[in-house]
Amino acid sequence: MAEIVSSERITSRETFRLLGRSLRFVWPYRRQIGVKLALTLIGLAIVLFLPWPLKVLIDHVVMGLPVGSSPTPYPPYVSWFVDLLVGLTPFEIVWVIIAISLLGIVLVGAFGGGVARDYASGGLSEGLDTATQSENQANESGSRVSGLLGLFEFRYQLRITHRINHGLRTLLFGRLMAWPLTRYSDASVGDAVYRTMYDTPAISRVCYDILVLPIANLFVIATVIWTTAHSFSAVPTITLVACLAAPMVLLSTFLMTGVTRRRSLASRAAGAVTTATVEEGMSNVVAIQGLGASQRQRTAFAADSQESFKRFRSYIVMVLLLIVVQSLVTVGLVFYVFFDICEAIIVGRMSPGDFTVVYAYFVQLVGNLSGLGSMWFNLQNNVAGMRRVYDVVDAPVDADLQGDDAIERLRRGIELDSVSYRYPDGTHAVREVNLEGKVGEVIAFVGATGAGKSTLAYLLAGFVHPQTGSVRFDDVDTRRMSVDCLRAQVAFVFQEAFLFDDTVENNIRMSAPSSSHDDVVEAARVASALEFIEGLPQGFDTRLGRMGGTLSVGQKQRLAIARGLVGGAPVLVLDEPTASLDPETENAFVGALETGRRDRLLFIIAHRLSTIRRADRIYFMDEGRVVESGSHNELMSLPNGAYRTFVELQLGGAT
């Protein structure tokens, strides 16, 4: 795992590319994000105005200075308010300020002057790990202010966040479900879960940290710098410090971004490994307990979990280092200008009320500068998550193949012409295979384990595509067919029965949601499943539990067969369909298939002679090649035939 982590790198160029792609994804929500930005700016404008009534109270009520006479001029966005106070008595000014304060409390409530960024998730609890913190980002929402305005902004942003995250999660899950089956042989389900649940929420911070946070922070920073230059020019160091703070804070951030990206990727990769260990252990808990390997599994999980926390702590070190550097810069600048402000007040170049404004504005300046500096720093962690998301989104899937609905329903049959397929690791699974099957026939694939039978069946269903040769449905190359068109022609029943925690009827109907109850019952009858289904507590409405845990292996297999039958697909591929059935049930099932096969083409992978010998044509495979083909009797008549030898030695069958 460490080798995988160390090889992960994201360059600055790729960072900008990932950010641009993320912005394109959230572009459909631009109007809603624009409303969020407008609400933020309104709240900040109120916050920036509120220190001025306090200055008026100190200077013109407490100190007794005439309204309008101040050693420092009021900025234009405050002058209109001061003009309204001209001619009022100090007592009347107090009541005006009280009224404004009450209005401010209703609109914005309390406000944190040094808020560097919107707080996420409304204060939801989270752990010190990437997973729970990322999950909270799926509920990203906040406001710089409280009161009615803050409440509305919070709830409005929460709706936007949920829509964006729902869209991305749905996209990613859809891509995962469309992965070629061969991808899952070398992919971790736990890693896929981690990417879907804990990497996708990074889109929230990418969205707000680029489209809202910098504009809001720059608005505050620009207002503070302009106001200090306009109203406090008597103390030039105030404006100078305000201007110097931005580059000093930003420079301290940019120097740390490369290391931060690498550590964030390492943290996420380690978290995905831990999730994969949990998934693998829970999926194989029966084998683990049966083999007495529980302690070894706990030890493996403990090691992965410890590594995950270690990687996350290394990322947190960078966060703490950034806080220390920014704090030293801002404290030093404030300390430097403090003495000049005090001297100006003493000599009369500034009023006592000016101190409250300068203090409030410097707190705003420091907070927003830290937020602006932290933005690029925080984006490194979120870019790492988005990179892992786009790795899945960009992976080729069958649905990306160009094609059309070339045929409505298979009428004649399927033909394979010199088909070869090699797995990504170089293993030759199928070599120069030629075969044909006509609607109404039963075709059997026979051979030793690893002969290429299942891969050949995958080629028929379009799960994999030949590197050479062609697969044709009614003389139409499958490369010309859309995935939906191809999959509509083929129902595939795997050797291992895959069931869901749902009712019996919904499990059978999964391949054909529009099927009627009568269709489901008929499919269950043909699959020899009707009797045991009717014996369940709620019959077809009985829930099966996780992976159909309430059923026996044979019952699961019969439900899987019924699922393949219910859709009425013209091609039915059965991979060891009778392996878990007793001989009596097998005979009944095969007989039912033969009775209703007139409109179907059946491909069967089987090892039981009783199933094989009923096929119209048998293709015997060895090392990916078809070495013999014909009916059972024809192949058994060959004295030294490969099929005959296989039957006599492997199956123990008789002629």
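Worth a mention:
- Per residue, the accessible area of the range 434-528 comes to 40 Å² when a 1.4 Å probe rolls over the protein heavy atoms.
- Sites CYS342 and LEU50 - FRET efficiency at Förster radius 30 Å, r taken between beta-carbons, to 0.05: 0.80
- Separation of the LEU158 and HIS230 label points, Cα + 7 Å toward Cβ, nm: 3.7
- Linear extension gain, ASP484 paired with LEU148, 0.36 nm per residue minus alpha-carbon span: 115.9 nm
- Whichever lysines have a C-alpha closer than 29 Å to that of LYS55, once near sequence neighbours (fewer than 8 apart) are set aside: none
- Under 12 Å, Cβ to Cβ, from PRO466 - net charge with Lys/Arg +1 and Asp/Glu -1: +1
- Cβ-derived FRET efficiency at R0 41 Å, THR170 paired with ILE215, nearest 0.05: 0.90
- Probe 1.4 Å, all protein chains present, accessible-area order of GLU14, GLU576, largest first: GLU14, GLU576
- Evaluating 6.51 cos²θ - 1.76 cosθ + 1.60 at θ = phi - 60° for every residue in the range 383-395, the Karplus couplings come out as 5, 4, x, 5, 4, 5, 5, 5, 4, 6, 4, 7, 5 Hz, glycine and proline recorded as x.
- Under the simplified labelling scheme, the ARG24-LEU88 pair shows an inter-label distance of 5.5 nm, with each label point 7 Å from Cα along Cα→Cβ.
- Rounded if a/c under 1.5, otherwise prolate or oblate - the range 520-561, Cα gyration tensor axes: oblate
- Accessible-area rank, largest first, for ASP477, ASP425, ASP519: ASP425, ASP519, ASP477, with all protein chains present and a 1.4 angstrom probe.
- The lysines whose alpha-carbon is closer than 25 Å to the alpha-carbon of LYS556, local same-chain residues fewer than 8 away aside, are LYS453.
- In range of the label at MET177: residues from the range 533-554 whose backbone nitrogen is under 16 Å from the point 7 Å along Cα→Cβ: none
- Accessible area (Å², 1.4 Å probe, nearest 10) - TRP95: 150
- Spacing of the modelled spin labels on PHE498 and ALA99, each 7 Å from Cα toward Cβ, amounts to 7.0 nm.
- Solvent-accessible ranking of ILE58, ILE341, largest area first, probe 1.4 Å: ILE58, ILE341
- The accessible area of LYS310, taken with all protein chains in place and a 1.4 Å probe, comes to roughly 120 Å².
- 11 Å beta-carbon shell around ALA429, net charge (K/R +1, D/E -1): +2
- Here the accessible area of the range 422-524 is 48 percent carbon and sulfur, with a 1.4 angstrom probe and all protein chains present.
- Packing around the peptides 81-87, 478-484, taken as the average count of other Cβ atoms within 10 Å per residue, puts them in this order, highest first: 478-484, 81-87.
- Distance from the C-alpha centroid of the range 451-508 to that of the range 327-398: 57 Å, rounded to the whole angstrom.
The values are calculated or read from the model by the stated rules, or taken from the named source; none is laboratory data. Small disclaimer: the values here were computed from a predicted structure and weren't measured. Every residue, glycine among them, receives a Cβ derived from its backbone with ideal geometry; neighbour counts consider all protein chains shown. Please note that ligands, DNA and RNA were not included when accessible areas were found on the heavy atoms of the full protein model with its side chains. Shrake-Rupley method; radii C 1.70, N 1.55, O 1.52, S 1.80 Å.
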